[in-house]
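Below is one structure, written out as structure tokens; the observations come after it.
The values are calculated or read from the model by the stated rules, or taken from the named source; none is laboratory data. Note that the structure is predicted; figures quoted are calculated from it, not measured. Every residue, glycine as well, gets a Cβ built from its backbone with ideal geometry; the counts of neighbours run over all protein chains shown. Calculation scope for accessible area: heavy atoms of the full protein, side chains included, ligands and nucleic acids excluded. Shrake-Rupley method; radii C 1.70, N 1.55, O 1.52, S 1.80 Å.
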Amino acid sequence: MAHAAPVMRAPSRTGRTPDVFSDRTHRIATWAVPVTLGLIYGYWVAANNRSGEAITGWNVLLGFVSAIVFAALWMGIHALAPHVIREVHALIWAAFAGCAFGFLYSETGASVLRSAGMGVAIGASTFGVLFYRYYTHEDAEGHRVR
């Protein structure tokens, strides 16, 4: 017995991918992602700072302050960056990544010059990757293209 072939529908012309999560989930993620990443970053800074020795109050304080600053900067950049041109957008995230990594690396006891060099290397790499992504996925005004 012959069956009809399934009908292939054309993709929608809205230019957006379907949204799997609800608005509530996106609002929660707006806070949950930076807080979670901040806590991980703060723990990592504190662990690098103590170098395997006993945990002290100052070490815990350094971890929490680092977590708060990291999360606050992440949320600020996440709110600001989409409103600027793609070059500045990539530069802002690259500077954030380079500074965050440079500070994290400095807590291992490395020299200031080595920490700055590693931060610049990470920042330059991040800039290259993000600029390419924004350049291929946005038009000159910063609107996402399909």
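If I filter region 10-24 for residues that are assigned to a helix (DSSP H, G or I) and of a type outside the set (Gly, Ala, Ser), do I get at least one hit?
Yes, the conditions are met somewhere in region 10-24.
Of the residues that make up region 119-134, is at least one in a helix (DSSP H, G or I), at pLDDT below 90 and hydroxyl-bearing (Ser, Thr, Tyr)?
Checked region 119-134: at least one residue is in a helix (DSSP H, G or I), at pLDDT below 90 and hydroxyl-bearing (Ser, Thr, Tyr).
Checking GLY63 against (1) in contact with a helix residue (DSSP H, G or I) (Cβ under 9 Å, 6 or more places away or on another chain); (2) among the small types (Gly, Ala, Ser); (3) at positive phi, only one condition comes out false. Which one?
Condition (3) is where GLY63 drops out.
Among the residues of region 34-56, write down those that are free of Cβ contacts under 8 Å to residues at least 40 places away in the same chain, out of contact with any Lys or Arg (no Cβ under 8 Å at 6 or more places or on another chain) and surrounded by 10 or more Cβ atoms within 10 Å (Cβ to Cβ).
Listed by number, the residues that qualify are VAL35, THR36, LEU37, GLY38, LEU39, ILE40, GLY42, TYR43, ALA46, ALA47, ARG50, ILE55.
Regarding region 67-84, can at least one residue be identified that is β-branched (Val, Ile, Thr), more than 24 Å from ILE28 (Cβ to Cβ) and exposed (fewer than 13 other Cβ atoms within 10 Å of the Cβ)?
Initially, region 67-84 is screened for residues β-branched (Val, Ile, Thr), giving 68-69, 77, 84.
Now narrow it down to the ones that are more than 24 Å from ILE28 (Cβ to Cβ): 84.
When the remaining residues are screened for being exposed (fewer than 13 other Cβ atoms within 10 Å of the Cβ), the result is none.
No - not one qualifying residue is present in region 67-84.
Restricting attention to region 90-105, does a residue exist that is at pLDDT below 95 and surrounded by fewer than 16 Cβ atoms within 10 Å (Cβ to Cβ)?
No.
Could you tell me whether region 86-108 includes any residue that is assigned to a helix (DSSP H, G or I), in contact with a Gly (Cβ under 6 Å, 6 or more places away or on another chain) and hydroxyl-bearing (Ser, Thr, Tyr)?
Taking every residue of region 86-108 in turn, none turns out to be assigned to a helix (DSSP H, G or I), in contact with a Gly (Cβ under 6 Å, 6 or more places away or on another chain) and hydroxyl-bearing (Ser, Thr, Tyr).
Of the conditions (1) free of Cβ contacts under 8 Å to residues at least 12 places away in the same chain; (2) under 20 Å from ILE40 (Cα atoms), VAL112 fails just one. Which one is it?
The one condition VAL112 does not meet is (2).
Identify the single condition in (1) part of a helix (DSSP H, G or I); (2) modelled with pLDDT under 95; (3) open to solvent by 60 Å² or more (accessible area, probe 1.4 Å); (4) of a type in the set (S, T, N, Q) that ASN59 does not satisfy, given that it satisfies every other one.
Result: ASN59 fails condition (3) only.
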